[in-house]
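Undergrad: Can you keep this structure in mind? I'll have questions shortly.
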Amino acid sequence: MLGQAKTDKLDAKLLAEYGRIAKLQPSVVLDETSQQLVDLVRRRRQLVEMRVGEENRLDRASKAMKRDISEHIEQLSERIEQLSASIEEMIEQPNWRAKRAILRSFKGIGAVTSAVCLSELPELGKLSEKQIARLVGVAPINRDSGTKEGKRRIEGGRGPVRSALYMATLVATRHNPVIRAFYERLLKKGKLKKVALTACMHKVLTILNAMVRDNKPWQAPAISAA
């Protein structure tokens, strides 16, 4: 407790002091078109989750229900395709087209992840490495107490962005030479796969942030001759 008294003036003062200490970043105010893109991406994600649920139910459904569930899955798939087309059409606008091209130049970033980044992470390229990592929720948080060192874990942040980044990083550990080498190096050091993958997510986000900031597509570092 910072004090027993409670007034509007004291509340305002405490909030201002918290903002100063925490160094909070102002939220981005979206225009109508940007909000429309956010809504489309989120709606697509909702329908994908519905389809996954129906597909899981289909495996254990009775014969009487299988046809109904199958028809619903087909309807969901059609709508997901329509939403994907609408999203791609919106991203063709000049204010997003160039940024999308930069993001997709990185091996591992596909149509879904780039759309999520454009809609759910407008701060990309505008914040520092630490700030963007904390915003997304891929910065390990200390859980220490006294002399005891707790496990580092990631939490909070923007779940949809983190989920998309996770899938993109899985692809990158197989097909992006830089991320693959980084991942394998961590495993050789004895890191658990989950820990190594989290570190790779952080690295991928850092690279994307720098690419957008500098307005430059991905360029793999030259491999020196042995």
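Undergrad: Consider Arg57 carefully, then state whether it is closer than 30 Å to Trp218 by Cα and either surrounded by 14 or more Cβ atoms within 10 Å (Cβ to Cβ) or modelled with pLDDT under 95 (or both).
TA: no
Undergrad: Looking for whichever is assigned to a helix (DSSP H, G or I), under 20 Å from Leu135 (Cα atoms) and either under 22 Å from the mean Cα position of the chain (by Cα) or of a type in the set (Lys, Arg) (or both) here; the options are Arg162, Arg185. Which one fits?
TA: Just a single option satisfies the conditions, and that option is Arg162.
Undergrad: Now a separate question. Could you list all residues from region 201-216 that are within 14 Å of Arg104 (Cα to Cα), part of a helix (DSSP H, G or I) and not hydrophobic (A, V, I, L, M, F, W, C)?
TA: Asn209
Table: residues versus (1) touching a Leu at 6+ places or on another chain (Cβ under 7 Å); (2) of a type in the set (Ser, Thr, Tyr); (3) not assigned by TED's automatic domain parsing to the domain that holds Ser128.
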| residue | (1), (2), (3) |
| --- | --- |
| Ala168 | no, no, no |
| Ala172 | no, no, no |
| Ile179 | no, no, no |
| Arg185 | no, no, no |
| Lys189 | no, no, no |
| Val195 | no, no, no |
| Lys203 | no, no, no |
| Thr206 | no, yes, no |
| Asn209 | yes, no, no |
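Per-residue answers, yes or no, for (1) more than 20 Å from the chain's Cα centre (by Cα); (2) modelled with pLDDT of 95 or more:
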| residue | (1), (2) |
| --- | --- |
| Met1 | yes, no |
| Thr7 | yes, no |
| Tyr18 | yes, no |
| Leu24 | no, no |
| Leu30 | no, no |
| Asp39 | no, yes |
| Arg44 | no, yes |
| Val48 | no, yes |
| Ser77 | yes, yes |
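Undergrad: Under 7 Å by Cβ, and 6 or more places apart or on different chains, what pairs join a residue from region 75-98 that is closer than 21 Å to Asn215 by Cβ and free of Cβ contacts under 8 Å to residues at least 60 places away in the same chain with one that is among the basic types (Lys, Arg) and part of a helix (DSSP H, G or I)?
TA: Ile91/Arg97; Ile91/Arg100
Undergrad: From the set of residues in region 103-120 that are surrounded by 22 or more Cβ atoms within 10 Å (Cβ to Cβ) and touching a Lys or Arg at 6+ places or on another chain (Cβ under 7 Å), which is nearest to Ser84 (Cα to Cα)?
TA: Filtering region 103-120 for residues that are surrounded by 22 or more Cβ atoms within 10 Å (Cβ to Cβ) and touching a Lys or Arg at 6+ places or on another chain (Cβ under 7 Å), the one nearest to Ser84 (Cα to Cα) comes out as Ser114.
The values are calculated or read from the model by the stated rules, or taken from the named source; none is laboratory data. Keep in mind it's a predicted model, so treat the numbers as computed, not measured. Note that each Cβ is placed from the backbone with ideal geometry, even for glycine, and that neighbours are counted across all protein chains shown.
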